[in-house]
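**Student:** This structure is in structure tokens; I'll ask about it shortly.
The values are calculated or read from the model by the stated rules, or taken from the named source; none is laboratory data. All values derive from a computational prediction rather than experimental measurement. Neighbour counts are summed over all protein chains in view; Cβ atoms, including those assigned to glycine, are modelled from backbone coordinates with ideal geometry.
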Amino acid sequence: MPAGPFYGTFIEYWPASVAALSMPQVGTVLGDADAELIASCVELGGVCPSRFSAALTSWLHRVTQAWSQGVFLRLGGRSFVLPARPPVPVTTAGQALQVLAFPGERAARMARRCVLAGRPLWLFARHWRSITPEEEFRLVVRNRQITAASQIHHRLCFPGLAGRADAVARRIVRFGARLGPVLHLDDVIADVWVPFDDTAGVELIELNPLMSVTGRALLEGAVTGAHPRALHFRQPHGPIGIVPLPPS
Ligand SMILES: Nc1ncnc2c1ncn2[C@@H]1O[C@H](COP(=O)(O)OP(=O)(O)O)[C@@H](O)[C@H]1O
Ligand SMILES: [Mg+2]
């Protein structure tokens, strides 16, 4: 069962019906020694890839062989992505081990948190998608309903977005009508991929807790709920642009 509003957002707690709204994926529980290596990778200044277990190495080998278009690797609760280290498709076990071995603060902190809490640390390999920053949106979900949305990369301005915003808002609402009924948490922040190709479906990227620790994108009142029921986007000049989210 899901473990509350924080751990409940981790991929290992998603019901199958929620996972079906996201990319195909496969997960494994990391052994204690592998989890400890990821948790301490920053203090170690990076990990020599050969220190990871043979079991993990062969799992990575199997997954990358099976999904030759490339995979995106992440922990259940957080990815390995850093501002200076954007994700790249992983196609071999060797590349996968390089991702895990890198001394990245974000993944290490999450791994340490799980190790200290005595929780299993899950690693997921997900089908690679070519996602551009302009196609990523953050949805505030309260009571299983979308109450607002924003571009995720809130410091950037995408000049083409204003012209697409109404269509994006409609697609987000349609996605929300599928997500709400199957969601295992009432209140959550859902990050989604809305591809430029408007015949392609919207996909769930990840869930985050609806808490002040989660970035609020352009939604000042994300935690308190004080925001219009609209899609928010940055305009080159003037105030933040908003287009209403149509009724679901
Ligand atoms: N399956 C995927 N294929 C390609 N890129 C991805 C995939 N999933 C996520 N990403 C990219 O990596 C970023 C970070 O991944 P995410 O799952 O949101 O974890 P976190 O926010 O913990 O770093 C996303 O914002 C997206 O740009
Ligand atoms: Mg994210």
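**Student:** Can you name every residue in segment 123-134 that is closer than 20 Å to ARG62 by Cα and within 16 Å of ligand 2 (Cβ to nearest atom)?
**Tutor:** PHE124, ARG126, TRP128, ARG129
**Student:** Taking the stated definitions as given, is VAL194 farther than 19 Å from THR9 by Cβ and either without any contact (Cβ under 8 Å) to a residue 60 or more places away in the chain or in contact with an Asp or Glu (Cβ under 9 Å, 6 or more places away or on another chain) (or both)?
**Tutor:** yes
**Student:** In segment 135-168, which residue that is in a loop (DSSP other than H, G, I, E, B) and of a type in the set (A, V, I, L, M, F, W, C) is nearest to VAL202 (Cα to Cα)?
**Tutor:** ILE152
**Student:** Just to be sure, is PRO49 touching a strand residue (DSSP E or B) at 6+ places or on another chain (Cβ under 7 Å), at pLDDT 95 or above, more than 16 Å from ligand 2 (Cβ to nearest atom) and not small (Gly, Ala, Ser)?
**Tutor:** no
**Student:** Could you tell me whether segment 80-90 includes any residue that is farther than 24 Å from LEU21 by Cα, surrounded by 17 or more Cβ atoms within 10 Å (Cβ to Cβ) and either touching a His at 6+ places or on another chain (Cβ under 6 Å) or at pLDDT below 95 (or both)?
**Tutor:** No, there is no match, as no residue in segment 80-90 is farther than 24 Å from LEU21 by Cα, surrounded by 17 or more Cβ atoms within 10 Å (Cβ to Cβ) and either touching a His at 6+ places or on another chain (Cβ under 6 Å) or at pLDDT below 95 (or both).
**Student:** Condition test on LEU123, is it buried (at least 21 other Cβ atoms within 10 Å of the Cβ) and touching a Leu at 6+ places or on another chain (Cβ under 6 Å)?
**Tutor:** Considered against the rule, which asks whether it is buried (at least 21 other Cβ atoms within 10 Å of the Cβ) and touching a Leu at 6+ places or on another chain (Cβ under 6 Å), LEU123 comes out as yes.
**Student:** I want to confirm something. Restricting to segment 138-182 and keeping residues that are of a type in the set (Lys, Arg) and within 16 Å of ligand 1 (Cβ to nearest atom), which single residue is nearest to the chain's Cα centre (by Cα)?
**Tutor:** Among those that are of a type in the set (Lys, Arg) and within 16 Å of ligand 1 (Cβ to nearest atom), it is ARG138.
**Student:** With LEU60, LEU75 as the choices, which residue is in contact (Cβ under 8 Å) with a residue 40 or more places away in the chain, buried (at least 17 other Cβ atoms within 10 Å of the Cβ) and under 30 Å from VAL173 (Cα atoms)?
**Tutor:** LEU75
**Student:** Ok, one more. Have a look at ALA108, ALA101, ALA93 and point out the one that is touching a residue at least 12 places away in the same chain (Cβ under 8 Å), in contact with a His (Cβ under 8 Å, 6 or more places away or on another chain) and not assigned by TED's automatic domain parsing to the domain that holds ALA165.
**Tutor:** ALA93
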